[in-house]
Amino acid sequence: MTELSEVHVTGSAVSVRSRTRPAHSPTTSVVIPVKDDAALLARCLRALHAQETPADEIIVVDNGSSDASASVARELGARVLTCIEPGISAAASTGYDAARGDLILRLDADCEPDADWISAVVSVFGEDARTGAVTGPARFTDGPAALRVPLARLYLGAYTSILSVTLGHRPLFGSNLAFRRDVWHAVRADVHRGDPQIHDDLDLAFHVGENHRIARLPGESMGMSMRPLTAGRFGRRVHRGFRSVLVHWPRDFPPFRWARLVVRHRLRGPASRRTR
């Protein structure tokens, strides 16, 4: 057994206690990029501290906040890094580079994971050593109650369906994803971390899915804000989605990418041809 330190939050108090973990269980780092989102970040961090299987470290990357995001993160026991380069891609990459866990988990400051989120992620990786990344859906926790379920299914269903065709495999969803640290180190030089106008999760999917299996995290253990669907934000997301795809062309023009993936799957043999 390995002994680790665990941050425990009660109200506004933070304490550290010891816990044990089986020797062969992977260590976990949770990365949260943030800019001016102190209140929701506090909610997110409290949910992470309530996990059945707590993270070994929580990294909050402050991307030039003008509010109390960084101080809130410190008060709630997170390791805080500063990224002055603008954009979620740069901030998230800064966190991934610094992560020490065997598995790197990613969510956003407006997310609220259920208590079994980390344990579910660890379980999926344990099912197949060939899995390089996992990703799952989310549910809306705010907005009109009657619209939360249908809009979440429409929004994420369209995202998954369209981009699965574009990529030739399952896309990654930034509010609920994880990958092995060695997978990050294999692709870190290729991601477009300096472009603030792309979706970092989609960009990462292009590179991770090239050589690694992306598995699905079952259930809906992640809550998130409905604010991506507000008029101004949604338009920006669509624009960045197109840009995220086009920066990978012509090499990853869908027919070219599909053909390349088929060849690689054949070379790996029947054992690795599992549903992505």
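The values are calculated or read from the model by the stated rules, or taken from the named source; none is laboratory data. Because the structure is predicted, anything quoted here is derived from the model rather than measured. When we count neighbours, we look across all protein chains shown, and the Cβ atoms used for this are built from the backbone with ideal geometry, even at glycine. Calculation scope for accessible area: heavy atoms of the full protein, side chains included, ligands and nucleic acids excluded. Shrake-Rupley method; radii C 1.70, N 1.55, O 1.52, S 1.80 Å.
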Provide Rg and Dmax in Å for the chain, with only Cα atoms included in the calculation. 18.3, 55
Segment 123-276 - charge dipole about Cα centre, Lys and Arg +1 at Cβ, Asp and Glu -1, debye rounded to 20: 320 debye
Can you pull the three principal axis extents for the Cα set of segment 167-234, in Å, largest first? 36, 32, 22
With a 1.4 Å probe and all protein chains left in place, how much accessible area per residue does segment 193-240 have, in Å²? 41 Å²
If R0 is 22 Å, what FRET efficiency do you get for Arg266 and Asn211 from their C-beta distance, rounded to 0.05? 0.95
Could you list, bin by bin from short to long, the percent of Cα-Cα pairs of segment 27-80 in 5 Å steps? 5, 23, 36, 23, 10, 4, 1
Relative contact order for the chain: what percent, with Cα pairs under 8 Å and sequence separation of 6 or more? 19 percent
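At 222 nm, what helix-only mean residue ellipticity would the chain give, in deg cm²/dmol to the nearest 500, using -39500 (n - 2.57) for each DSSP H run of four or more?
Values: 9 runs with 114 residues, N = 276.
After summing the helix terms and dividing by residue count, I get -13000 deg cm²/dmol.
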Answer with one residue from Gly168, Gly87, His239: the one whose Cα lies farthest towards the positive end of the charge dipole of the chain, charges on Cβ with Lys, Arg +1 and Asp, Glu -1. Gly168
Quick one: among Ala73, Ala98, Ala115, which has the greatest mean-square fluctuation in a GNM of the chain with alpha-carbon springs under 10 angstrom? Ala98
Given a 1.4 Å probe and every protein chain left where it sits, what share in percent of the accessible area of the chain is carbon and sulfur? 57 percent
At q = 0.13, 0.15, 0.22, 0.23 Å⁻¹, what base-10 log of I(q)/I(0) does the Debye formula yield for segment 130-255 when every alpha carbon is treated as an equal point scatterer in vacuo? -0.54, -0.72, -1.43, -1.51
Quick note, segment 64-106: a/c under 1.5 would make it rounded; otherwise a/b > b/c is prolate and the rest oblate (a ≥ b ≥ c, C-alpha gyration tensor); here it is oblate
Give the accessible surface of segment 81-172 per residue, rounded to a whole number of Å², with probe radius 1.4 Å and ligands, DNA and RNA excluded. 40 Å²
Along the Cα→Cβ direction, 7 angstrom out, place labels at Arg100 and Arg233. What is the inter-label distance in nm? 3.3 nm
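What is segment 33-189 by shape, rounded, prolate or oblate, if you read a ≥ b ≥ c off the alpha carbon gyration tensor as root eigenvalues and call it rounded for a/c under 1.5, prolate for a/b larger than b/c, and oblate otherwise?
Because its axes are fairly even, with a/c under 1.5, segment 33-189 counts as rounded.
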Tally the DSSP beta bridges in the chain and give the antiparallel ones as a percent, rounded to 5. 50 percent
Where is the GNM fluctuation largest for the chain (alpha-carbon springs, 10 angstrom cutoff): Gly95, Gly126, Gly168? Gly126
Select from Asp108, Asp62, Asp116 the residue whose mean-square fluctuation is largest in a Gaussian network model of the chain (Cα-Cα springs shorter than 10 Å). Asp116
